[in-house]
Amino acid sequence: MNQRSVSSIFMAVFCLPMLAMAQAPAAAPSAIGPAKIAWLNLEQAIFSCDEGKQAFGEVQKYVDGKNGQLEALKKELDGLRNQLNVQGPKLTDEARADLEEQIESKDTGLQRFQQDTQKDIDSRRVKVTNMIGRKMLPIIEKISKEKGLSAVVYINVQRDAWVDPSLVITDDVIKAYNLANPVSGAKPPAAPPAAAPAKKP
């Protein structure tokens, strides 16, 4: 799945809900402090979390199976075309017309198979992306509140020439999502190395 497909599914910017402050007509406007903003690579988070790896792995298995069927259909069509080229001059008009009709029917079926399969694959990918994305939003909000962020902006490679890595919370979101949505068979995060014992003077 390319970056455009993900960016077309999700909003460009995710901002935390802001509490509306009621103001008296005569009250002076309150000063707005500096905003604290972080960036998130949403596509990477969705694909790299354990649930995303598992779900898109299943989609890929489906794609591989359909590719096998497609190759079989192409091989069958190529066989009929080769038969027409080799035996065409020797066939009766009726037999040649029948073979040409088979080729046309197989070709039409092949095109429909490709179109229907592509729609099905796109639908499966969108379904997985939306499912994980919806479950990821509360994780993003929780992390944002913990870090005191004003907003989280989705990284856009066409817009963002460079972002300070210290302002990117993608890894934090992936780790938190994996903890909140454990997947059977996924490897647990590696434990931090134990501190070396202090040397006695």
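The values are calculated or read from the model by the stated rules, or taken from the named source; none is laboratory data. These numbers come from a predicted model, not from an experiment. Note that each Cβ is placed from the backbone with ideal geometry, even for glycine, and that neighbours are counted across all protein chains shown.
So which pairs qualify, if the first residue must be in the range 146-160 and closer than 18 Å to Asp171 by Cβ and at pLDDT 90 or above, the second must be polar (S, T, N, Q) and not in a loop (DSSP other than H, G, I, E, B), the Cβ gap must be under 9 Å, and the two must be at least 6 apart or on different chains?
Cβ pairs passing all conditions: Val152/Ser144; Tyr154/Ser7; Ile155/Gln44; Ile155/Thr170.
Where residues in the range 116-153 are over 20 Å from Ala180 (Cβ atoms) and touching a strand residue (DSSP E or B) at 6+ places or on another chain (Cβ under 7 Å), which of them is surrounded by the most Cβ atoms within 10 Å (Cβ to Cβ)?
Val153
Out of Thr108, Thr117, Thr170, I need the residue that is at pLDDT 95 or above and within 21 Å of Lys53 (Cα to Cα). Which one?
Thr170
For the range 85-105, what are the residues that are aliphatic (A, V, I, L, M) and either assigned to a helix (DSSP H, G or I) or modelled with pLDDT of 90 or more (or both)?
Hits for the range 85-105 are Val86, Ala95, Ala97, Leu99, Ile103.
Can you find a residue that is part of a helix (DSSP H, G or I) and among the aromatic types (Phe, Trp, Tyr) anywhere in the range 35-44?
Within the range 35-44, none of the residues are part of a helix (DSSP H, G or I) and among the aromatic types (Phe, Trp, Tyr).
Can you go through Lys145, Lys90, Lys119, Lys66 and tell me which one is in contact with a helix residue (DSSP H, G or I) (Cβ under 8 Å, 6 or more places away or on another chain) and charged (D, E, K, R)?
None of the other options fit; the residue is Lys66.
Mind listing just one residue for me: the one in the range 148-179 that is touching a helix residue (DSSP H, G or I) at 6+ places or on another chain (Cβ under 6 Å) and assigned to a helix (DSSP H, G or I) and, of those, farthest from Gly33 (Cα to Cα)?
Top of the filtered list is Asn178.
Residue pairs, Cβ under 8 Å, 6 or more apart or interchain, first in the range 118-143 and within 21 Å of Thr170 (Cβ to Cβ) and among the polar types (S, T, N, Q), second at pLDDT below 95 and exposed (fewer than 14 other Cβ atoms within 10 Å of the Cβ). List them.
Listed pairs, sorted by first residue: Thr129/Ser5.
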